[in-house]
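Participant: Quick one: the structure is below, and I'll ask about it shortly.
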């Protein structure tokens, strides 16, 4: 990859956005192209910024992460969508699998190595919706 | 359950003078009645004498005329005395007395005869008026007013002004005993314009149309009436229809010169007024005799102390009103409720309903909601209410209790819902606040560990932030805990906790707490604290330009009392009702047996006061 992976972070929590920014900055080959605070804003941001990877929080008011994923995939299947959650992911796994996201990850486990691995697994596999890492 | 925190019942719901205290006719009325009765007898006798003086009098006509004077007066007086259909009774009396003028038309003297004929023009509109105002004596609908006015105008415009212009009055006059050989018009001016030949038939036709409309109005009333009202209206409609038919026959006979037709119609019209009076009397007596049978039967059925639905059915059967309902007076609800404690709005005169309050001395017991027709039979209502009083009073106690229980359940429901909302709020705040910070902290730790070797500079920067991140998380948790149950309240009691709230309030707030270090139970202190805090927030949000808020907490009697006063814009307590904040406060205090009072005056300010008794 010559161009850095463009990452869009979506979460209504400012704490996560701050640390995600630092995480992406510390991960070689990745750069943050923008942040959104809600599902609605995410749809507009994806269209405007054309990211390669979207970090999408599950629990948000109004439109949650799962529903946002469905809308995003319908409009543009290109970006890889990683659902993140601070709650127990097991409870969400079924819904996440069905909506078309590439993976569901606990926020606490996010680290540069994890981010790189997830990207390589799914970018290499091509289209979003791969079953392998779910 | 102390209910003084509910607004008092509006005045119109409080019972008026109970039935048992209805005043008997005044002594002066008695004198008027006697005088009127005497006058009626005199006039009837005079009309008889007048008729027989003319020599070739027809006895039948004379007697019926006298009865047409006497009977309406007699029946009208009876109705007036009985205080049943009073207004209509007075109307009947007036009709009877006025009819005397019509009987003058038996005279052979030109002037007297003419006076009688002139008066006779008014019989038609008067009869229509009587039909349309039965049984209340008032014209209730716009349609009836139009018809009555139209009939009156027909006479006022097309009959009376034409009298100087007509040589002879129309022949075949029912209420006199001359047919074609009647005296001439004593007030004839001498010239009879040609238009008169057309005017009389036209007038009769127009008048007939108004009578037809009157019958239509009655039929319409009948269709819209309840079963009970129909029983009283049907006879009236029948008599009115007979009048209509007889008048039609008279007019036709008059124009075609057919004596047989006019003769038959005349007898019917002659007998109509006495018969109508008899009909009204029979109707009134029917109710009285019915009461004589129905009340003992009612008392028998009440002996078994029927339950509320059975009581309703028994009273409904007795009064012949299937729509009858009973509402019980419940101070707990501040108004009338059903037997189950559900509030009922009791408004008389709405949709043909009448309301009869039942009371013992000044203590309201219940209200009987019934068909308005029964308002004309107060003695029957009185008897039923008196017979059922004991049972009604017992049910009233149950209804009051049920109303209290209902309110208690509703209050409990609200408290539980509020507790649920509170839990959700705490969970949400924890998740969105402290939890997010801790998750971010965890991520940062993992990040630092991972890049420590490859990017030590950045790692050091991140590491330096960790301390501040922990502090912020701690602050977040501390704030949340304070919102749930303030640590200051637990340790220092109300003075300290309220002082803290006051210091961070948007409006300058003074706290005066005279509990002198005395502590109360956790529930009581918590309730006072949160009520004061809520009231303070309200003052800031809705108080407008409040300059100062004062919180006073003091022991009162054997309880704890608080007042939160502001000098803001005030608000309309009645109209705003209980906003959720006020209901919450009321519920909190009510759960501890306390009360809340809200007093607000526009432009002056608001005072929210509460009192909790100690257990």
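The values are calculated or read from the model by the stated rules, or taken from the named source; none is laboratory data. Because the structure is predicted, anything quoted here is derived from the model rather than measured. Here the Cβ positions follow ideal geometry from the backbone for every residue, glycine too, while neighbour counts run over all protein chains shown.
Participant: Mind listing whichever residues of the stretch A:1-16 are crowded, with 20+ Cβ neighbours inside 10 Å and at the interface with another protein chain (Cβ under 9 Å from one of its Cβ atoms)?
Facilitator: A:11, A:13, A:15, A:16 - these are the residues of the stretch A:1-16 that are crowded, with 20+ Cβ neighbours inside 10 Å and at the interface with another protein chain (Cβ under 9 Å from one of its Cβ atoms).
Participant: Pairs only if they're at least six apart or on different chains, beta carbon under 7 angstrom, first in the stretch B:422-439 and more than 8 Å from every other protein chain (Cβ to nearest Cβ), second modelled with pLDDT of 85 or more; list them, first residue then second.
Facilitator: If the second residue must be modelled with pLDDT of 85 or more, the pairs left are B:434/B:473; B:434/B:477; B:438/B:473.
Participant: Limited to the stretch A:25-48, what total is found for residues that are buried (at least 20 other Cβ atoms within 10 Å of the Cβ) and within 11 Å of chain B (Cβ to nearest Cβ)?
Facilitator: Qualifying residue count, the stretch A:25-48: 2.
Participant: Among B:386, B:440, B:417, which is the only one that is at pLDDT 85 or above, under 26 Å from residue B:485 (Cβ atoms) and out of contact with any strand residue (DSSP E or B) (no Cβ under 7 Å at 6 or more places or on another chain)?
Facilitator: On inspection, the qualifying residue turns out to be B:417.
Participant: Shifting gears a bit: Are any residues in the stretch B:442-477 facing another protein chain (nearest Cβ under 8 Å) and in contact (Cβ under 8 Å) with a residue 24 or more places away in the chain, and if so, which ones?
Facilitator: B:444
Participant: Among (1) in contact (Cβ under 8 Å) with a residue 60 or more places away in the chain; (2) within 13 Å of the chain's Cα centre (by Cα); (3) more than 26 Å from residue B:470 (Cα to Cα), there is one condition residue A:46 misses while meeting the rest; what is its number?
Facilitator: Of (1) in contact (Cβ under 8 Å) with a residue 60 or more places away in the chain; (2) within 13 Å of the chain's Cα centre (by Cα); (3) more than 26 Å from residue B:470 (Cα to Cα), only one is false for residue A:46: (1).
Participant: Test of understanding: among A:61, A:51, which residue is modelled with pLDDT under 95, assigned to a loop (DSSP other than H, G, I, E, B) and either away from chain B (no Cβ under 14 Å) or within 13 Å of the chain's Cα centre (by Cα) (or both)?
Facilitator: Result: A:51 is the single residue among A:61, A:51 that is modelled with pLDDT under 95, assigned to a loop (DSSP other than H, G, I, E, B) and either away from chain B (no Cβ under 14 Å) or within 13 Å of the chain's Cα centre (by Cα) (or both).
Participant: Give the residues of the stretch A:87-134 that are modelled with pLDDT of 85 or more, within 14 Å of chain B (Cβ to nearest Cβ) and in contact with a helix residue (DSSP H, G or I) (Cβ under 9 Å, 6 or more places away or on another chain), sorted by residue number.
Facilitator: Within the stretch A:87-134, A:105, A:106, A:107, A:108, A:109, A:110, A:111, A:112, A:113, A:114, A:115 meet the criteria.
Participant: To continue, here is another question. Test of understanding: among B:113, B:129, which residue is under 30 Å from residue B:380 (Cα atoms) and either at pLDDT below 85 or crowded, with 17+ Cβ neighbours inside 10 Å (or both)?
Facilitator: B:129
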